[in-house]
Amino acid sequence: MRARTALLVAVAVPVTLAAAAAILKAGHWRLYADRHRIHLTPVARRSCTDCRGAGGWRVDGPNPAMEECGCWPERRELRIRLLPVPAWFDEPPF
């Protein structure tokens, strides 16, 4: 019974990771995870006809800057805290 459970887990984990990676790529999200947080940020769409995946374009003039395309900056960032970040030893806690 334990061998069967271990085999199911060994097969389920890679399949789940592959499915999650495909969903994130299709939804145009970038994933960052460590032991303190999981952070999902939106990515510019490569199929966008305005920016073609660059996320914006350069604007010339007296103050040159980058103007964002509307395909990604209006989407929310998602953050999930897992563990609190430890305080530095030489700083007070508050």
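Restricting to the chain, what percent of DSSP beta bridges are antiparallel, rounded to 5? Show your work: numbers first, answer last.
Working: 13 of 13 bridges.
Around 100 percent antiparallel, to the nearest 5.
So what is the relative contact order of the chain, in percent, for Cα pairs below 8 Å that sit 6 or more residues apart? Mind showing how you got there, number by number?
Working: 93 pairs, mean separation 21.5, N = 94.
It rounds to 23 percent for the chain.
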Neighbourhood net charge (15 Å Cβ-Cβ; Lys/Arg +1, Asp/Glu -1) for residue 38: +4
GNM flexibility winner over the chain from 62, 84, 14 (Cα, springs under 10 Å): 62
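If you put +1 on each Lys and Arg Cβ and -1 on each Asp and Glu Cβ, how big is the dipole of segment 1-82 around its Cα centre, in Debye rounded to 20? Before the final figure, lay out the partial values.
Numbers: 14 positive and 7 negative charges, 127 e Å.
The calculation lands at about 600 debye.
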Accessible surface of the chain [probe 1.4 Å, protein heavy atoms]: carbon and sulfur percent: 62 percent
Options 6, 21, 78, ranked by Cα towards positive dipole end of the chain, top entry (Cβ charges): 6
Residue 56 long-range amide H proximity, modeled H, under 5 Å: 69
Acute angle (nearest 10 degrees) that the helix 2-26 long axis makes with the longest principal axis of the chain, alpha-carbon atoms: 10 degrees
Loop trypsin sites (Lys or Arg not before Pro), segment 1-76 (other Cβ atoms within 10 Å of the site Cβ: 11 or fewer; DSSP): 35, 46, 76
For segment 49-57, 3J(HN,Hα) per residue [Karplus equation, 6.51 cos²θ - 1.76 cosθ + 1.60, θ = phi - 60°, Hz, x = Gly/Pro]: 7, 7, 10, 6, x, 7, x, x, 8
Difference of contour (0.36 nm per residue) and Cα-Cα distance, residue 65 to residue 36: 7.0 nm
Surface/4 of the Cα convex hull for the chain, nm²: 11.9 nm²
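The values are calculated or read from the model by the stated rules, or taken from the named source; none is laboratory data. This one's a predicted model, so the numbers in the text were calculated from it and none came from an experiment. Ideal geometry is used to build each Cβ from the backbone, glycine not excepted, and the neighbour counts take in all protein chains shown. Calculation scope for accessible area: heavy atoms of the full protein, side chains included, ligands and nucleic acids excluded. Shrake-Rupley method; radii C 1.70, N 1.55, O 1.52, S 1.80 Å.
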